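**Student:** Sharing a structure below in structure tokens format, with a few things to ask.
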Amino acid sequence: MASLDEETTLDQITQSTRTTSQDDARPKIFVNSLPKSGTHLLTSILDNISGLKYQKPALNRNLRWRPIDYVRLWDQRTCLVGIGRPRKVKLATLYHILNGLHPGRYLIGHVPYQECVHDSLNSFGIRTLFVTRDPRDVVVSQVHYVLKRKFHHLHKDFKRLRTDKERIITAILGIRKSNSVKSRGIAEKLTSTLKWADQESVMVLHFEELIGERGGGSLESQEKAIMNIGKHIGIEIGVEEAHSIGESAFGKGHTYRKGKIGGWQHVFDKDVKDIFKRAAGEHLVNMGYEGDQNW
């Protein structure tokens with residue numbers, strides 16, 4: 001590999017790390033999502049598709065610790081990774097990782113929409129899957145997730161609140177301290193990501209259609225979604241195989257909790273509904289989860 005110094009360019013990084021198996025027809029995949037929207041459900045599905053495997057590293061805010069991000073490069077362009085508390089990394093770091101993605105492998109990440117990221121994925125022939133979920137269920141899932149992890153950067157903030165209602169409101173509105181954002185609110189998270197859904201090269205998947213009957217969804221919708229994933233990534237999947245994949249995927253993943261649709265209905269009272277409507281009600285309608293604000 002070329003020496004990485006201040007004279008190194010993005011083209012040199014790209015060329016120096018190219019694999020010798022460019023003719024391999026297996027897909028290269030990027031799974032992107034808002035956190036707690038169904039990342040592990042989708043990756044469990046991919047893990048059950050023959051020939052596909054996960055490849056590190058994840059495209060999230062931890063990329064800023066990658067050694068290549070400290071290298072002095074001629075090209076100092078950056079992009080954002082992470083959604084709740086995004087961080088800048090060099091575009092060269094992204095190029096380096098995308099170029100190192102092997103055929104038959106998938107990356108996961110939480111990346112806001114940026115044209116430079118979208119163009120980079122396309123230039124490396126990577127097929128993007130973007131998974132979404134009812135944002136009300138997202139904030140409920142976030143609260144449960146953070147409370148169970150003592151080392152999460154929001155754990156102390158959520159733990160010191162007296163009730164789950166306060167925690168859910170905090171997840172909706174976000175946390176700002178000393179003129180800085182510790183965690184974005186749900187509306188800002190959605191605003192930063194939903195443009196992915198407008199891109200022709202990106203397949204949008206809904207948690208609700210992937211979860212299947214055991215999660216309160218539909219077996220037919222799940223099987224159809226899995227077969228459509230196959231079409232998008234260039235792998236033919238029949239009905240019987242889609243059924244088997246869906247059965248095997250449910251409940252897998254270390255962040256998986258209940259995996260149910262509509263859990264927010266058990267914890268949102270009128271006050272929380274009103275706060276959510278003011279903060280992100282328009283997003284909810286635009287995403288098709290409600291027809292209007294009268295829910």
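The values are calculated or read from the model by the stated rules, or taken from the named source; none is laboratory data. None of the values given here were measured: they were computed from a predicted structure. FYI the Cβ positions are ideal-geometry reconstructions off the backbone, even for glycines, and counts take in every protein chain you see.
**Student:** Which of the residues spanning the stretch 101-132 are in contact (Cβ under 8 Å) with a residue 12 or more places away in the chain and in a helix (DSSP H, G or I)? So that I can check it myself, show each step before the final result.
**Tutor:** Let us first name the residues in the stretch 101-132 that are in contact (Cβ under 8 Å) with a residue 12 or more places away in the chain, namely 101-114, 116-118, 120-122, 124-132.
The answer is 116, 117, 118, 120, 121, 122.
**Student:** So, residue 77, is that one of a type in the set (Lys, Arg) and under 17 Å from the mean Cα position of the chain (by Cα) or not? Write out each step before concluding.
**Tutor:** Numbers: of a type in the set (Lys, Arg): yes; under 17 Å from the mean Cα position of the chain (by Cα): no.
No: the conditions fail for residue 77.
**Student:** When you go through 217, 230 one by one, which is the residue that is over 15 Å from the mean Cα position of the chain (by Cα), surrounded by 17 or more Cβ atoms within 10 Å (Cβ to Cβ) and under 19 Å from residue 260 (Cβ atoms)?
**Tutor:** Working: 230 fails: under 19 Å from residue 260 (Cβ atoms).
Only one candidate passes the filter, namely 217.
**Student:** Also, quick follow-up: Starting from the stretch 75-100, take each residue that is free of Cβ contacts under 8 Å to residues at least 60 places away in the same chain and list its partners that are in a strand (DSSP E or B) and polar (S, T, N, Q), counting only C-beta distances under 7 angstrom and pairs at least six apart or across chains.
**Tutor:** These pairs meet every condition: 88/78; 89/78; 90/78.
**Student:** Continuing with this model, one more query. Would you confirm, using the coordinates I've provided, whether residue 137 is surrounded by 18 or more Cβ atoms within 10 Å (Cβ to Cβ) and either among the small types (Gly, Ala, Ser) or in contact (Cβ under 8 Å) with a residue 40 or more places away in the chain (or both)?
**Tutor:** Numbers: surrounded by 18 or more Cβ atoms within 10 Å (Cβ to Cβ): yes; either among the small types (Gly, Ala, Ser) or in contact (Cβ under 8 Å) with a residue 40 or more places away in the chain (or both): yes.
The answer is yes for residue 137.
**Student:** Then there's this: From the list 257, 214, 278, which residue is modelled with pLDDT of 95 or more and basic (Lys, Arg)?
**Tutor:** Values: 257 fails: modelled with pLDDT of 95 or more; 214 fails: modelled with pLDDT of 95 or more.
None of the other options fit; the residue is 278.
**Student:** Something else: Within the stretch 95-128, take every residue that is in contact with a Cys (Cβ under 6 Å, 6 or more places away or on another chain) and not polar (S, T, N, Q) and give me the one that is surrounded by the most Cβ atoms within 10 Å (Cβ to Cβ).
**Tutor:** Residues of the stretch 95-128 that are in contact with a Cys (Cβ under 6 Å, 6 or more places away or on another chain), as a first pass: 114, 116-117.
Remaining after also requiring not polar (S, T, N, Q): 116-117.
Numbers: 116: 13, 117: 23.
Among residues in the stretch 95-128 that are in contact with a Cys (Cβ under 6 Å, 6 or more places away or on another chain) and not polar (S, T, N, Q), the one surrounded by the most Cβ atoms within 10 Å (Cβ to Cβ) is 117.
**Student:** Let me ask something additional. Which one of the conditions (1) in contact (Cβ under 8 Å) with a residue 24 or more places away in the chain; (2) more than 25 Å from residue 51 (Cβ to Cβ) does residue 246 fail to meet, given that it meets all the rest?
**Tutor:** (2) is the only condition that residue 246 fails.
**Student:** Follow-up. Among the residues of the stretch 48-63, write down those that are under 24 Å from residue 90 (Cβ atoms), in contact with a Gly (Cβ under 6 Å, 6 or more places away or on another chain), not in a helix (DSSP H, G or I) and not aliphatic (A, V, I, L, M).
**Tutor:** 60
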